[in-house]
1. Starting from the Cα-Cα distance between R333 and R165, subtract it from 0.36 nm times their residue separation and give me the gain in nm to one decimal.
2. Viscosity 0.890 mPa s, temperature 25 °C: give me the Stokes-Einstein translational D for segment 346-469 in µm²/s, with Rh taken as the Kirkwood radius over C-alpha pairs.
3. Report the FRET efficiency, 1/(1 + (r/R0)^6), for T123 and R407, where r is their Cβ-Cβ distance and R0 is 51 Å, rounded to 0.05.
4. Report the label-to-label distance for E54 and T289 in nanometres (one decimal), using points 7 Å from each Cα along the Cα→Cβ vector.
5. Compare the peptides 145-153, 386-394 by average per-residue count of other Cβ atoms within 10 angstrom and give them in order, highest first.
6. Could you state the orientation-averaged shadow area of the convex hull built on the Cα atoms of segment 1-111, in nm² to one decimal?
7. Cβ under 15 Å from I210's Cβ, I210 left aside: what net charge do those residues give with Lys, Arg +1 and Asp, Glu -1?
8. Set the Förster radius R0 to 60 Å, insert the Cβ-Cβ distance between E310 and D463 as r into 1/(1 + (r/R0)^6), and round the FRET efficiency to 0.05.
Amino acid sequence: MPVSSRYRPSPSHAALGVDFHDVVAAAAFPDHILRYRNQRAARTVGLETLTDAEWIAHFGRFEPLSGNLEQPLALRYHGHQFRSYNPDLGDGRGFLFAQLYDDRGRLLDLATKGSGRTPWSRTADGRLTLKGGVREVLATSMLEALGVETSKSFSLIETGESLIRGDEPSPTRSSVLVRLSHSHIRIGTFQRQAFHRRTDNIARLLDYTITTYMPEVWRGEPAARATAFLEEVCRRVARTGAQWMAAGFVHGVLNTDNINVTGESFDYGPWRFLPVLDPAFTAAYFDETGLYAYGRQPDALLWNLTRLAECLLGLADQAALEKTLGVFEPVLRREFTDAMLKRLGVESQGAVRDNELVRALWVFLSDTGAPFEQTLFDWFGGLASEARAARSPSREFYAHSAFAAVREALTDYPPRPGVDLAHPFFARNEACSMLIEEVEAIWAPIADLDDWSAFHAKLADIDAMREAYGLM
């Protein structure tokens, strides 16, 4: 079947020129087994009418989509990795495959992970383990349901190769993932041009990014454009960081090459969700100093944004850029409170009361060690859910003296308009969560028996949660 009439290709990134990408070819895989297709996301970009065979042709063999990029582009960028600068980065196992508009009028990218070697692969094989692909599908699905602005896992195809990895039992199965994301222009994309002292390319990249993704911040002269751009990136990144914190999510690797200037969260490696509120909780076993621990994520994001500001010094005054960075923290605080009210499913009662509620909840979670996700599930809808919370496996925590302040703060907080506490999802007693033990339990039958039933059951569970919470 052809693509639908809603399919609107717009392959604009190539116009930036050869300083920003390399033309590459996809690997020829020995097998193509479709394991996941995101039909809901496909409908937003007019690709839902593809047959499975056509889907595999485009997202497993990477035959070009009509009117789109004729050849994939491995994007060039640098980055600070755990705060050490690396000038040898770039798309080492992925590429930009297509660009197209969604049903909201946004230009989105279809890009890959595990599609083969590129000039930036160095000694790596350019592949993705099947487990890594499964984990990214689970991460993005869960984050979207919890209200985080995230890339969407669009397609996962098992590719029939055996991979050797040092951090999981090997040989292990291989896959290729396609993600749908709101641009792949990273802080590291600007850093590469600054490293090579290409102020002209920074200006070109800046103008392209503004006109393509944030035309509302266009200003007449370069200095004003640069500061307006930085301010908008700070606001977007602060919003996403606040959403992570409200979701109890730890990204794990907040390097500058993993921060998208449009603010959307993407590129999931060693992610984790909190079991309980713990600022020191880390996701990556190799994060030995806790640089990217849960409670340090806002600081890491601001550090990264400061590196972006440095790239703009050839276009704007240092003092103006430093002042602009000051918008990050107040936006983060405001967005965090807003995200927490959404997680509780209640309507704002003004900044002062909202902050008191969130503070009381945070003290309770910190003092008692109550399960993070279960608590937010139990009290979704505020005191209107008190009877439901009384049936919870966490009910004993709510008898703790620290919860009295939460209960008092919730007084007169009505459920948010549109919240339906009669939704079947709220008939359950246990929250839908995504702790590491659950991820391993989903993967084990896939690895041992090629049994995908737990994977599909979890995705159905998440879909029900997304519908019930209505956060995205």
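Computed from the coordinates by the stated procedures, all read-outs in this text should not be read as laboratory data. All of these numbers come straight from a predicted model, not from anything done at the bench. Neighbour counts are summed over all protein chains in view; Cβ atoms, including those assigned to glycine, are modelled from backbone coordinates with ideal geometry.
1. Working: separation 168, 0.36 × 168 = 60.48 nm, distance 4.00 nm.
Full extension from R333 to R165 adds 56.5 nm.
2. Values: Rh = 16.0 Å.
Taking Rh from Cα pairs, D becomes 153 µm²/s.
3. Numbers: r = 57 Å, r/R0 = 1.11.
Approximately 0.35, to the nearest 0.05.
4. If labels sit at E54 and T289, their model points lie 5.2 nm apart.
5. Working: 145-153: 24.0, 386-394: 14.8.
Descending packing order for the listed peptides: 145-153, 386-394.
6. Details: hull surface 34.1 nm².
Average projection, Cα convex hull of segment 1-111: 8.5 nm².
7. Working: positive: R106, R204, R219, R225, R235, R236; negative: D207, E216, E221, E231, E232.
After counting each charged neighbour, the total is +1.
8. On the way: r = 42 Å, r/R0 = 0.70.
Computed FRET efficiency for E310 and D463 comes out at 0.90.
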